[in-house]
1. Looking only at the range 95-120, how many residues end up being open to solvent by 40 Å² or more (accessible area, probe 1.4 Å) and at pLDDT below 75?
2. Go over the candidates Lys57, Lys32 one by one and state the one that is in contact with a Lys or Arg (Cβ under 8 Å, 6 or more places away or on another chain) and closer than 28 Å to Gly132 by Cβ.
3. Hey, among Phe81, Phe123, Phe50, Phe119, which residue is without any contact (Cβ under 8 Å) to a residue 60 or more places away in the chain and aromatic (Phe, Trp, Tyr)?
4. Taking the options Ser125, Ser25, name whichever one is under 16 Å from the mean Cα position of the chain (by Cα) and of a type in the set (S, T, N, Q).
5. Restricting to the range 1-16, what's the tally of residues that are open to solvent by less than 40 Å² (accessible area, probe 1.4 Å) and touching a strand residue (DSSP E or B) at 6+ places or on another chain (Cβ under 6 Å)?
Amino acid sequence: MFDLVADVERYPEFLPLCEALSVRSRKERDDKTLLIADMTVGYKAIRETFTSQVLLKPAELAIDVKYLDGPFKYLTNEWQFEPHGDSGCEVCFYIDYEFKSRMLGALMGSMFDRAFRMFAEAFESRAREIYGDVAVS
């Protein structure tokens with residue numbers, strides 16, 4: 001699952017609302033990879049692009065995302081992958097964000113909450129597609 005989430009370039013293939021994702025830079029050091037990536041999300045006539053710093057830590061089975069630029073005041077998300085049984089894992093995901101503009105927050109806030117639920121479902125579907133029948137909890 002770590003590899004699936006870490007493969008950010010493939011997000012437009014399966015994540016709803018994700019129209020584009022480009023990696024500006026990639027640096028590897030001490031078994032960690034630091035990406036700077038731009039992600040464009042769209043819903044009807046609204047398009048927003050934001051830039052994030054993504055730290056891939058495979059030895060820790062963790063991914064930390066730090067917001068750099070775009071329509072948010074702040075956005076942080078963290079992924080932690082905990083082995084579960086012989087071939088499974090439990091995925092812990094945390095996200096916290098606030099839009100810069102109250103108007104954009106009012107317009108996009110509830111849609112963004114739904115989008116994150118849709119993202120979770122899309123990752124689960126993608127995992128089933130790649131890894132076969134997986135239990136989701």
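1. Matching residues across the range 95-120 total 5.
2. Criteria check complete, one pass: Lys57.
3. Numbers: Phe81 fails: without any contact (Cβ under 8 Å) to a residue 60 or more places away in the chain; Phe123 fails: without any contact (Cβ under 8 Å) to a residue 60 or more places away in the chain; Phe119 fails: without any contact (Cβ under 8 Å) to a residue 60 or more places away in the chain.
Answer to the selection: Phe50.
4. Working: Ser25 fails: under 16 Å from the mean Cα position of the chain (by Cα).
Being under 16 Å from the mean Cα position of the chain (by Cα) and of a type in the set (S, T, N, Q) holds for just one of Ser125, Ser25, which is Ser125.
5. Residues meeting the conditions: 5.
The values are calculated or read from the model by the stated rules, or taken from the named source; none is laboratory data. Here the structure is a predicted model, which is why all the values come from computation and not from measurement. Every residue, glycine as well, gets a Cβ built from its backbone with ideal geometry; the counts of neighbours run over all protein chains shown. For the accessible areas, the whole protein counts, side chains as well, though only heavy atoms, and no ligand, DNA or RNA atoms are used. Shrake-Rupley method; radii C 1.70, N 1.55, O 1.52, S 1.80 Å.
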